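First comes the structure, then the notes that go with it.
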Amino acid sequence: MKKRKIFALLLCMLCVMNLTSCGKKSENTIVVGTNAEFPPFEYIDNNGDIAGFDVALMKAVGEEMGYKVKFSNMEFKSLLGAISTGGIDAAIAGMTITEDRLKSVDFSDPYFSANQCIILQSGNEEIKTLEDLNGKKISVQEGTTGDIMATPDEENEIITDKSTVVKRFKKGTDAVLELKNGGVDAVIIDSSPAQKFVAANGDTLKLIEIDPETAEPEDYGIAVAKGNEEMVLMLNEGLAKIKENGVYDELIEQYFGDAEIVTKETSDNWFVQQYYTFKYVFIETEGYRMLLDGLLVTLKISLLSVLFGVALGMLLALMKLTETRKKHKTFWSVLAGIYIDIVRGTPVVVQLLIMYMVVFKSQAPMVAAVVTFGMNSGAYVAEIIRAGILAVDNGQMEGGRSLGLTYGQTMRYIIIPQAVKNILPALCNEFIALIKETSIVGYVAIQDLTKASDFLISRTYETFMPLIVLAVIYYIIVKGLSKLFSAFERRLRKSDIR
Ligand code: ARG
């Protein structure tokens, strides 16, 4: 019976896995890569969805041409590689058409014209032009044209001083945060996001335009695989159509018009200031919604992984126990031993990356995460269960067997009920560890609780409040769980004499 249940559970999991991986792209869907850290072109909105001018533009083009568009969020510098390997069909990310990029990908017709500009701390009167950045510290988003402009290499005619320090960040917002914290003197970034960043920071930062004589305006295009003429034609036709029918202008109005900007109240009293910050981060800019969504994701992953882990752990424990019963190594015990050894010997982040990138081929991240954490936890649970069973006095087994029960019956009616009490505290620890471990799923683009707070930092440039609240939420979950477990344990112990 028990085995059948485990089997059924595993089967269910396999079905879920199948379902999610079937949801891959079909004939009429194109997968478009972006880097949603670049407002107003692409960003994560209050619902945790990818939104922005580029996103709406791409959807409009798709609609015009009879394609469904699915977005995949990744690092900016990974986009070109993902196009070349076929992981995505196109990339739209405020990406400048450059000679260098044209060597590895093709571009659609330009759809937007932009400039680079410099962000400084408000008080900085020393820097006025791009040349002034020679010998200074500059932060940029890695792999962007701003990065190229800042880096003093052979081809750079303006920043020539080799002592110039360039700090490269995965996100534009992190580059700005570095400036705000005084780690660098300036940020070089495209003008539209720069305006958003400066506006979001009250009057602590300012922006200066770069003289068009020193740096030419840039054209943004949609990148596709080299030689994919069909796609280029499709995109160009779609772009032309939405320019003609007015949709393009509507989008410009919608994303570049004067957006209402929420600003934070300030106070000299530290406590009042924290209260204002809390209100700003979670209520006024609706951060609580992102956090709640993230919380749900974290709970979902943890719960499913625990179920999977316990089922697998029981199976592995039974496999290992064949050794105790037969008094010599068995095929099953060796197999389980190897599995546990490997899982315990490698970091769970590495397991997650292998599962997601290699096994699941970057599809269905949630399922990949549940399988990884389930498989990981299973190894630990197996040892907990095995130790719990072995801790039950040997006489219990002998007693059961001499009453005429089979090995299985003795296990089920006599040993396991006693073992459960030994197992519970350790199992509780394992669940707690598991919940906290899931905070690494951001690595595979899942928006869990930790990732949500990360987004809030990018969005509000506040670090203290989002992180403290994050810690408090994890603490409450863990505390609740351990309370639940001790209540359960107390009930089980009621019948104990000791
Ligand atoms: N226009 C610049 C470039 O092509 C920056 C683009 C950054 N885009 C982004 N989604 N992060 O390099």
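The values are calculated or read from the model by the stated rules, or taken from the named source; none is laboratory data. What you are looking at is a predicted structure, and each value in this text was computed from that prediction instead of being measured. Virtual Cβ from ideal backbone geometry, glycine too; neighbours counted across all protein chains shown. Calculation scope for accessible area: heavy atoms of the full protein, side chains included, ligands and nucleic acids excluded. Shrake-Rupley method; radii C 1.70, N 1.55, O 1.52, S 1.80 Å.
Take the Cβ atoms of D45 and K327, set R0 to 41 Å, and the FRET efficiency comes out at 0.10. Distance between the pseudo-spin-label points of T263 and E154 (7 Å out from Cα toward the beta carbon): 4.9 nm. Each semi-axis of the equivalent ellipsoid for segment 190-311 is √(5λ) with λ an eigenvalue of the Cα gyration tensor; in descending order they amount to 38, 31, 15 Å.
Along the chain, counting only GluC sites (Glu not before Pro) with a DSSP assignment other than H, G, I, E or B and at most 12 other Cβ atoms inside a 10 Å radius, the longest segment between sites is 266-498. In percent, rounded to a whole number, the relative contact order of the chain is 15, using alpha-carbon pairs under 8 Å and six or more apart.
Can you tell me how much longer the chain between N134 and E286 gets when fully stretched, taken as 0.36 nm per residue apart minus their C-alpha distance, in nm with one decimal?
Working: separation 152, 0.36 × 152 = 54.72 nm, distance 4.05 nm.
Stretched fully, the N134-E286 segment lengthens by 50.7 nm.
Run down the lysines and flag those whose C-alpha is under 18 Å from the C-alpha of K136, throwing out any fewer than 8 positions away in its chain. Partners found: K128, K162, K167, K180, K206. Phi angles of segment 280-289 translate, via the Karplus equation with coefficients 6.51, -1.76, 1.60 and θ = phi - 60°, into HN-Hα couplings of 5, 5, 9, 9, 5, 9, 6, x, 4, 5 Hz per residue; Gly and Pro are given as x.
Assuming R0 = 22 Å, can you tell me the calculated FRET efficiency for the pair L307 and N73, based on Cβ-Cβ distance, to the nearest 0.05? Given R0 = 22 Å and the Cβ-Cβ separation, E is 0.20. Note that segment 44-51 has calculated 3J(HN,Hα) couplings of 9, 7, 4, 8, x, 9, 6, 9 Hz, one per residue in order, obtained from phi through the Karplus relation 6.51 cos²θ - 1.76 cosθ + 1.60 (θ = phi - 60°); glycine and proline are x.
Taking all protein chains in place and a 1.4 Å probe, what share, in percent, of the accessible surface of segment 322-463 do carbon and sulfur account for? The value for segment 322-463 is 62 percent carbon and sulfur by accessible area.
Using just the Cα positions, wrap segment 140-200 in a convex hull and report its mean projected area in square nanometres, one decimal place.
Working: hull surface 16.7 nm².
Here the figure is 4.2 nm², rounded to one decimal.
If the chain linking R491 and T463 were pulled fully straight, counting 0.36 nm for each residue of separation and taking away their Cα-Cα distance, it would gain 5.8 nm. Just list whichever of K171/K226; K243/K264; K70/K264 have alpha carbons separated by over 32 Å in the model shown. Over 32 Å Cα-Cα: K243/K264; K70/K264. Computed on segment 173-297, with alpha-carbon pairs under 8 angstrom and 6+ residues apart, the relative contact order is 14 percent. Between E213 and N28, the simple label model (points 7 Å from Cα in the Cβ direction) yields a spacing of 5.5 nm. Calculated mean residue ellipticity at 222 nm for the chain: -17500 deg cm²/dmol, from DSSP H runs with n ≥ 4 weighted as -39500 (n - 2.57), summed, divided by the residue count and rounded to 500.
In percent, what relative contact order does segment 22-156 have, based on Cα pairs under 8 Å that are 6 or more apart in sequence?
Working: 140 pairs, mean separation 31.1, N = 135.
Reported as a whole number, the value is 23 percent.
For the pair A433 and E253, what calculated FRET efficiency results from E = 1/(1 + (r/R0)^6), where r is the Cβ-Cβ distance and R0 = 45 Å, to the nearest 0.05? Walk me through the numbers before you get to the answer.
Values: r = 51 Å, r/R0 = 1.13.
Plugging the Cβ-Cβ distance into 1/(1 + (r/R0)^6) gives 0.35.
Kirkwood Rh over Cα pairs of the chain into Stokes-Einstein at 37 °C, 0.692 mPa s: D in µm²/s?
Details: Rh = 26.3 Å.
Here the translational diffusion coefficient equals 125 µm²/s.
Evaluated with a Cβ-only charge set (Lys, Arg +1; Asp, Glu -1), the chain carries a dipole of roughly 5560 debye about its Cα centre, given to the nearest 20.
For K483, no aspartates and glutamates have a Cα closer than 12 Å to its Cα, not counting residues fewer than 8 places off in the same chain.
In this structure segment 373-472 gives 42 Å² per residue of accessible area when probed at 1.4 Å with all protein chains present.
Full extension of the chain segment joining K300 with K421 gains 40.9 nm, where the gain is 0.36 nm per residue of separation less the Cα-Cα distance.
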